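J.: Okay, handing you the structure first.
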Amino acid sequence: MLKKTSLALGGAALFLAWNGLLLLFLWGRPGSAPGPQSPRHPESSRQLPAQLLQLAQDAEAELRRQRELLLQIQKFSLQQHQQRRQKTPKTTPKPPALEEEELPVIPVLVLACDRSSVRRCLDKLLRYRPSARRFPVIVSQDCGHAETARVIASYGQAVAHIRQPDLSDVPVPPEHRKFQGYYKISRHYRWALGQVFRTFRYRAAIVVEDDLEVAPDFFEYFQAVLPLLRRDPSLWCASAWNDNGKEALVDAGRAELLYRTDFFPGLGWLLLAELWDELEPKWPPAFWDDWMRQPEQRRGRSCVRPEVSRTMTFGRKGVSHGQFFDQYLKFIKLNDRFVPFTQLDLSYLTKDEYERSFLHQVYSAPEVQLEELQKEAGKDLGPVRLQYRGRDSFKALAKALGLMDDLKSGVPRAGYRGVVSFVCRGRRVFLAPPSDWTGYDPSWS
């Protein structure tokens, strides 16, 4: 553009200079103008109209030449501009980065009771959250435990502290008298989620309990998967947890890997307000997490879960009396490196694309027997498939491999279409049903 402007200015200067010279030339021609020495006689007067006519003709011819010159300058300038455009590589403009005010607000709801160790949970949440405005922390406390309340209050305005108003015992069937704690937890969940979605009117929320520690990219992960939940109705949650996430069973070097799972993982999970609209009217009196895993609630939908967990639990003591903690939960590998999920393309998790690629990977892998798999390390070898054909077959293989072997409504932990993906001796393994699998059998619980 600068070159084009310079050419135009040069052309205009040339035009003015030429016309100035022309006037000087014409003025200096003999008899072109009367001077003080010019004799004033009739013959000179008769020659004046002819000289003026010639002068006009000369000027008209010169103007035509100047016009042609300017047209040539304009044409040359246009050609130069077009050549520059052709040489400049075409780039697709990037969409402008969203300002913080435009990014979604996702509160973190912390369910607390009588653990003063909630400090460990809150310290990590506040340490890793990228924005207090976009990720407000709401601690909902049940039980009325004074020491826990003091710990929460010590954070001041960094967290919002709300309290479950009903601390009474919950009426339970006689055979469930020892499960009173599970009834109170379910009541607390219903009240706290109601506060988040009804009173505070948030459109999404991350739910954690007071005995969870989060990874450095915990917030990055949930910020990235939120759009997936909003546009894919076959997804109903995203979880930070891998049920088979023990260090020996995951590929820590592929911390960016995400999966779909038919099993509701919990333990740090994201849901939308629309899902709460669906669940709240029928929320169960107890055992809410197993209730979520029933076909009537899941309705064929899946959750997103990571290869390497973004949460770990440090709460051995609780209403479950440490069930699974010593055998599985305390060995869960917590991711320790930041993955920029919001900069990655996660479209492979949409249902059609995922099933096409994941199932092809599973059923194109060679089938092996358990003895072959356990015989040699396979870090540099490709993935393999172990096949099970029934409930007992699955449980035996899972137990031998160190996987969680329990099933909920027929769904294995971390499974998708019956397939559980894990690492054994450095090798990717798919514990899978036959390729003609037709669905889960709820009697396998």
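J.: For the range 361-444, what is the charge dipole size about the Cα centre, in debye to the nearest 20, if Lys and Arg each add +1 at the Cβ and Asp and Glu each add -1 at the Cβ?
T.: That gives a dipole near 220 debye.
J.: State the extension gain, in nm to one decimal, for the chain segment bounded by LEU370 and SER131, taking 0.36 nm per residue of separation less the distance between their alpha-carbons.
T.: Extending this stretch completely gives an extra 81.3 nm.
J.: Across bins of 5 angstrom width beginning at 0, how are the C-alpha pair distances of the range 248-399 distributed, in whole percent?
T.: 1, 6, 11, 16, 19, 20, 15, 8, 3, 1, 0
J.: Further question: How large are Rg and Dmax for the range 361-444 when calculated on the C-alpha trace, in angstrom?
T.: So, for the range 361-444, Rg and Dmax equal 12.3, 39 Å respectively.
J.: If you don't mind, another one. In the range 193-234, what trypsin sites (Lys or Arg not before Pro) fall in a loop by DSSP, with at most 12 other Cβ atoms inside 10 Å?
T.: Listed in order of number, the matching sites are ARG201.
J.: First select every other residue whose beta carbon is under 11 angstrom from the beta carbon of GLY415; then total the charges, Lys and Arg +1, Asp and Glu -1.
T.: That sum, taken over residues with Cβ under 11 Å, equals +3.
J.: Excluding residues fewer than 8 places away in the same chain, name every one of the aspartates and glutamates whose C-alpha is closer than 19 Å to that of LYS330.
T.: Excluding near neighbours in sequence, the set is GLU209, ASP210, ASP211, GLU213, ASP243, GLU247, ASP251, GLU307, ASP405, ASP406.
J.: Out of all DSSP beta bridges in the range 361-444, what portion is antiparallel? Express it as a percent rounded to 5.
T.: Details: 8 of 13 bridges.
Around 60 percent of the beta bridges assigned by DSSP in the range 361-444 are antiparallel ones.
J.: Further question on the same structure: For the range 104-333, what Kirkwood radius comes out of the mean inverse Cα-Cα distance, in Å?
T.: Numbers: mean 1/r = 0.0554 Å⁻¹.
About 18.1 Å, per the Kirkwood formula over Cα pairs.
J.: Moving on to the next point. Let me check something: with ligands and nucleic acids excluded, how do ASP217, ASP405, ASP392 order by accessible area (1.4 Å probe), largest to smallest? Mind dumping the intermediate values first?
T.: On the way: ASP217 0, ASP405 35, ASP392 110 Å².
The most accessible residue leads, giving ASP392, ASP405, ASP217.
J.: Sort 425-437, 277-289, 294-306 by packing, meaning the average of other beta carbons within 10 Å per residue, with the highest value first.
T.: The peptides rank, most packed first, as 294-306, 425-437, 277-289.
J.: Along the range 296-306, what does the Karplus equation 6.51 cos²θ - 1.76 cosθ + 1.60 (θ = phi - 60°) give for ³J(HN,Hα), rounded to whole Hz, x for Gly and Pro?
T.: 5, 8, 5, 6, x, 8, 10, 10, 8, 9, x
J.: So how much slack lies between ASP169 and ARG356, counting 0.36 nm per residue of separation and subtracting their Cα-Cα distance, in nm? Mind dumping the intermediate values first?
T.: Working: separation 187, 0.36 × 187 = 67.32 nm, distance 4.98 nm.
The span from ASP169 to ARG356 would gain 62.3 nm if fully extended.
J.: I'd like the accessible area for THR350: 1.4 Å probe, protein heavy atoms, all chains in place, Å² to the nearest 10.
T.: Its heavy atoms expose roughly 40 Å² to the probe.
J.: Now, a different point. So what's the gap between the Cα centers of the range 181-215 and the range 99-143, to the nearest angstrom?
T.: 11 Å
J.: Kindly report the accessible area of the range 104-333 per residue (heavy atoms of protein chains, probe 1.4 Å, no ligands, DNA or RNA), in Å².
T.: Numbers: 9330 Å² over 230 residues.
It amounts to 41 Å² per residue over the range 104-333.
J.: About the Cα centre of the range 104-333, what is the dipole size in debye to 20, counting +1 per Lys and Arg Cβ and -1 per Asp and Glu Cβ, all else neutral?
T.: Roughly 400 debye for the range 104-333.
J.: Further question: Could you please report the charge total around LEU386, scoring K, R as +1 and D, E as -1 over all other residues with beta-carbon less than 12 angstrom from its beta-carbon?
T.: On the way: positive: ARG385, ARG389, ARG427, ARG428; negative: GLU367, GLU371, GLU372.
It works out to a net charge of +1.
J.: Give LYS184/LYS395; LYS124/LYS246; LYS282/LYS395 a once-over and call out the pairs whose C-alpha atoms are over 30 Å from each other.
T.: Going by Cα-Cα distance, LYS184/LYS395; LYS282/LYS395 fall outside the 30 Å limit.
J.: When all protein chains stay in place, what accessible area (Å², nearest 10, 1.4 Å probe) is found for SER154?
T.: Result for SER154: roughly 70 Å² accessible.
J.: On to the next question. Leaving out ligands, DNA and RNA, and with a 1.4 Å probe, what % of the accessible surface on the range 293-373 is carbon or sulfur?
T.: The C+S portion of the solvent-accessible surface of the range 293-373 is 49 percent.
J.: Follow-up question, since we're still on this one. Towards the positive end of the charge dipole of the range 361-444, with charges on Cβ (+1 Lys, Arg; -1 Asp, Glu), say which of PHE394, PRO383, GLY415 has the farthest Cα.
T.: Positive-most Cα among the choices belongs to GLY415.
J.: Further question: Which value, in Å² rounded to 10, gives the accessible area of TYR155 with a 1.4 Å probe and all protein chains present?
T.: Here the residue's solvent-accessible area equals roughly 40 Å².
J.: Apply the Karplus curve 6.51 cos²θ - 1.76 cosθ + 1.60, θ = phi - 60°, to the phi angles in the range 104-112 and return the couplings in whole Hz, x for Gly and Pro.
T.: So the Karplus estimates, Gly and Pro as x, are x, 9, 10, x, 9, 9, 9, 8, 10 Hz.
J.: Want the number for TRP283 to ARG201: 0.36 nm per residue separation, take away the alpha-carbon distance, what's left?
T.: Gain in length upon complete extension: 27.6 nm.
J.: I'd like the Karplus ³J(HN,Hα) series for the range 397-408: coefficients 6.51, -1.76, 1.60, θ = phi - 60°, whole numbers in Hz, and an x wherever there's a Gly or Pro.
T.: In residue order, the calculated couplings are 5, 4, 5, 5, 9, x, 7, 6, 9, 7, 10, 10 Hz.
J.: Are there any trypsin sites (Lys or Arg not before Pro) in the range 104-176 that are in a DSSP loop and have at most 15 other Cβ atoms within 10 Å? List them by number.
T.: Values: sites: ARG115, ARG119, ARG120, LYS124, ARG127, ARG133, ARG134, ARG150, ARG163; in loops: ARG115, ARG133, ARG134.
Answer by residue number: ARG133.
J.: Express in whole angstrom the spacing between the alpha-carbon centres of the range 321-367 and the range 268-312.
T.: So the separation of the two Cα centres works out to 17 Å.
J.: Where nothing but the Cβ of Lys and Arg (+1) and of Asp and Glu (-1) is charged, how large is the charge dipole of the range 130-235 around its Cα centre, in debye to the nearest 20? Spell out each step's value before the answer.
T.: Working: 14 positive and 12 negative charges, 118 e Å.
It comes to approximately 560 debye.
The values are calculated or read from the model by the stated rules, or taken from the named source; none is laboratory data. Fair warning: this is a prediction, and the values are worked out from it, not measured in the lab. All Cβ positions, glycine included, derive from the backbone under ideal geometry; neighbour counts span all protein chains shown. These area figures cover heavy atoms from the full protein model, side chains too; ligands, DNA and RNA do not enter into them. Shrake-Rupley method; radii C 1.70, N 1.55, O 1.52, S 1.80 Å.
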